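Colleague: The structure is given below, and queries will be raised subsequently.
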Amino acid sequence: MVEKSHQQDQTRNTLSQKAKRAAQTGSIYLQMKHILGLSAGFHDASVTVINDSGDIVFAGHSERYSKIKNDPGVSPDLLQELCDYELDTIAFYERPWRHNYQQWRSGQREYGPWTVGGAIRQHLGHWYQDPAHETSFRHHLSHAAAGFQTSPFEEAAVVVIDAIGEMDTISIYHARYDDRGRARYKRVWGQRYPHSIGLFYSAITKAVGLKPMEEEYITMGMAAYGTDLGAAHLMYDVVADSEQVTFNRNLHIGFDSDDWKDVAGENLAAAAQSVTETLIMNVMRRARRLIDSDNLVYMGGVALNCVANSRLGQIYDKIWIMPNPGDAGSSLGAAALALGTRVNWRDAFLGHDIAGRYPVRPILDRLITDRIVGVASGRAEFGPRALGNRSLLADPRGADIKNRVNEIKRRQKFRPFAPVILEEYVNDYFEMPKNFSTSRYMQIVARVRNPELFPAITHADGTARVQTVPPGRSGIRKLLEQWYLLTGCPMLLNTSLNIRGEPMVNDRADADRFEHLYGIKVCS
Ligand SMILES: [Fe+2]
């Protein structure tokens, strides 16, 4: 405790010293105005810093610092990353009083602060700097902005689907930039608690023995092992109106049905996945009818369901899902709303920096000798997927590699590993779904053309959650190019580098612990 408060004081001193130095020296960098976006208090807290040119200078998850999965609090170690920035505005991702109202209506009765300032002070604690501006935005609007203002579109239909945010569960916005380049949002349709696709999926997740609000992605993986023969019955059982997306009971309190007691978890998961996809597609068709646009921006925790995402191209020509569509990504959304204009999106490598060149040669050497290697280099990924900077990589060819990676990861059999591939070769190895020629953030699944050659990355239903890497200067791109030259294979197995039970590796110390625990080299 003493150590921590000493550390806190040091950080605060550093902040004020830097501000003074900036004023004395006229440093442009330190005088640049920065907006801090903050998402915290529910699950998976995060912060995002945007400068007044619209560049995302930092975005990180609290869990990567505290080592508590989906940590709702803001870790002091995460806040250390903010020392370099003079904060002009702090933007909170939802309206605190609306959140409290939601708590009251849903019977949870755990109230937080009622004001924006109170919420920000509570989450930042000793690190709170008195900024010129404090503000907050509606929960679903923060989701929408995190998507639209990072998208390449001038205008779009923005669909937000999550479990519950304030009282909203589904929102459809028409978003566009006005003559001054400011983002404008008009909400044209919505659905409210307790009618929620996200809460339905969480209730099923609990019913199949998994952890709700955390392990929905495992439910999705289980579904491939079951049959969806029960989908029509499940739809009849729980859904009141599939067009309006209303349910005939409050699934927030769980899914408890005698009809499903003796049904295998895999079959219930498959039925629920099918119902979920039907409901999502109904929402998308409604958005298409209401808004005359070929562009879809899709956000909210339900947008992490990559199996459902793969069908979106049946309705929309151009689709953007920001790679962190859940509540953690809303720190970016709140900051974007405070900025008001387009955010310059480059990639998802926005977190803690392990400085130095991407270690292409050492990784290749290990892949040739051991077939498995870790990498912790450059900036950590913002979002739930390891995209090459905090990854465990392996040679995807052959039957034995899946078991070897599983020895380290100890994952359920129904969870396949993902492939990462040079983008220009993706069609040789995968059948991409309609209107998805790329998949840079692992947000869709594609059919594997030769599953017998790559069993480690092929799921039970013959698909893979593919990541494509475009030409460019990223480390993972250089690595794949060299790997292809050496082996003729343009693809690697890519899974997140994490110690069992912990979030993804963040810094070099985490990487060292991983190396020590599992005896697998982690290159930096
Ligand atoms: Fe949300």
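The values are calculated or read from the model by the stated rules, or taken from the named source; none is laboratory data. Owing to the predicted nature of the structure, the values given are computational and were not obtained by experimental measurement. Every residue, glycine as well, gets a Cβ built from its backbone with ideal geometry; the counts of neighbours run over all protein chains shown. Accessible surface areas use protein heavy atoms only, side chains included; no ligands, DNA or RNA. Shrake-Rupley method; radii C 1.70, N 1.55, O 1.52, S 1.80 Å.
Colleague: Mind listing the phi-derived Karplus ³J(HN,Hα) values for region 222-233, rounded to whole Hz, using 6.51, -1.76 and 1.60 with θ = phi - 60°, and x for any glycine or proline?
Modeller: 4, 4, 5, 8, x, 10, 9, 4, x, 4, 5, 5
Colleague: What are the extents of the Cα atoms of the chain along their three principal axes, in Å, largest first?
Modeller: Sorted largest first, the three principal extents are 67, 57, 49 Å.
Colleague: Non-local amide H neighbours of K521 (under 5 Å, H modeled in plane, Pro and chain starts lacking H): which ones?
Modeller: The answer is G374.
Colleague: When all C-alpha to C-alpha distances in region 286-341 are sorted into bins of 10 Å, what percent of pairs does each bin hold, rounded to whole numbers?
Modeller: 21, 45, 31, 2
Colleague: Quick check on region 418-488: what are the equivalent-ellipsoid semi-axes from the Cα gyration tensor, as sqrt(5λ), descending, whole Å?
Modeller: 20, 15, 10
Colleague: Here's something else I'd like to know. With contacts defined as alpha carbon pairs under 8 Å and 6 or more residues apart, what's the relative contact order of the chain in percent?
Modeller: With pairs under 8 Å counted, the relative contact order is 15 percent.
Colleague: Hey, could you pull the Cα Rg and Dmax for region 336-408, both in Å?
Modeller: In Å, with Rg to one decimal and Dmax whole: 16.2, 51.
Colleague: Something else about it: Under the rule of at least 5 residues apart or a separate chain, name every residue whose amide H is placed under 5 Å from the amide H of V57.
Modeller: The answer is V49, I50, N51.
Colleague: Sticking with this structure for a sec: Between E431 and V57, how high is the FRET efficiency from 1/(1 + (r/R0)^6) when r is the Cβ-Cβ distance and R₀ = 41 Å? Nearest 0.05.
Modeller: Calculated value: 0.60.
Colleague: Working from the pairwise distances between different alpha carbons, so that the mean of 1/r is found and then inverted, what is region 208-286's Kirkwood radius in Å?
Modeller: With all distinct Cα pairs of region 208-286 included, I get 13.0 Å.
Colleague: Take the Cα gyration tensor of region 48-95, multiply each eigenvalue by 5, square-root it, and list the three semi-axes largest first, rounded to whole angstrom.
Modeller: Working: eigenvalues 85, 34, 18 Å².
Its equivalent ellipsoid spans semi-axes of 21, 13, 10 Å.
Colleague: For T246, which sequence-distant residues (separation of 5 or more, or a different chain) have an amide H within less than 5 Å of its own amide H, given hydrogens modelled in the peptide plane?
Modeller: A240, D241
Colleague: Per 0.36 nm of contour for each residue apart, how much would the distance between L486 and D294 grow if the chain were fully extended, relative to their Cα-Cα spacing?
Modeller: Length gained, L486 through D294: 65.0 nm.
Colleague: Next question, about the same structure. Is there a pair in K186/K318; K402/K478; K69/K186; K69/K521; K67/K521 whose C-alpha atoms are over 26 Å apart, and which pairs would that be?
Modeller: Long pairs (Cα-Cα over 26 Å): K69/K186.
Colleague: Another one. Two decimals is fine: what is log10 I(q)/I(0) at q = 0.15, 0.16, 0.21, 0.24 Å⁻¹ for region 42-148, from a Debye sum with one equal scatterer on every Cα and no solvent?
Modeller: For the requested q values the scattering log ratios are -0.68, -0.78, -1.36, -1.62.
Colleague: Using a 1.4 angstrom probe on heavy atoms only, work out the carbon and sulfur share of the accessible area of region 374-524 in %.
Modeller: For region 374-524, the apolar C and S fraction of the accessible surface comes to 47 percent.
Colleague: In sequence order, what are the phi-derived ³J(HN,Hα) couplings for region 511-517 according to the Karplus relation 6.51 cos²θ - 1.76 cosθ + 1.60 with θ = phi - 60°, rounded to whole Hz, with x for glycine and proline?
Modeller: 4, 5, 5, 4, 4, 5, 6
Colleague: Please compute the per residue accessible area over region 349-390 with all protein chains in place, 1.4 Å probe, rounded to a whole number of Å².
Modeller: 36
Colleague: Once both labels are modelled 7 Å past Cα along the beta-carbon direction, what's the N344-A460 spacing in nm?
Modeller: 4.7
Colleague: Output the direction-averaged projected area (hull surface divided by four) of the convex hull of the alpha-carbon atoms of region 361-489, in nm².
Modeller: Result: 7.8 nm².
Colleague: Can you tell me the accessible area per residue over region 52-189, all protein chains present, probe 1.4 angstrom, in square angstrom? Please list the in-between numbers first.
Modeller: Working: 5450 Å² over 138 residues.
Using a 1.4 Å probe on heavy atoms only, each residue of region 52-189 averages 39 Å².
Colleague: So which aspartates and glutamates pass the test for K409, namely a Cα distance under 17 Å, with those fewer than 8 places away in the same chain ruled out?
Modeller: Filter leaves E215, D370, D395, D400, E502, D510, D512, E515.
Colleague: Once the Cβ-Cβ distance between M281 and Y111 is put in as r, and R0 is 30 Å, what FRET efficiency do you end up with, to the nearest 0.05? If you can, show how the numbers build up before the last one.
Modeller: Working: r = 37 Å, r/R0 = 1.23.
Taking R0 as 30 Å, the efficiency between M281 and Y111 is 0.25.
Colleague: Per residue, how much accessible surface does region 400-524 expose to a 1.4 Å probe? Answer in Å², no decimals. List each step's numbers first, then the result.
Modeller: Numbers: 5430 Å² over 125 residues.
Per residue, region 400-524 has 43 Å² of solvent-accessible surface.
Colleague: Next question, about the same structure. Could you please report the charge total around A232, scoring K, R as +1 and D, E as -1 over all other residues with beta-carbon less than 15 angstrom from its beta-carbon?
Modeller: Values: positive: none; negative: D228, D237, D259, E277.
So the environment of A232 carries a net charge of -4.
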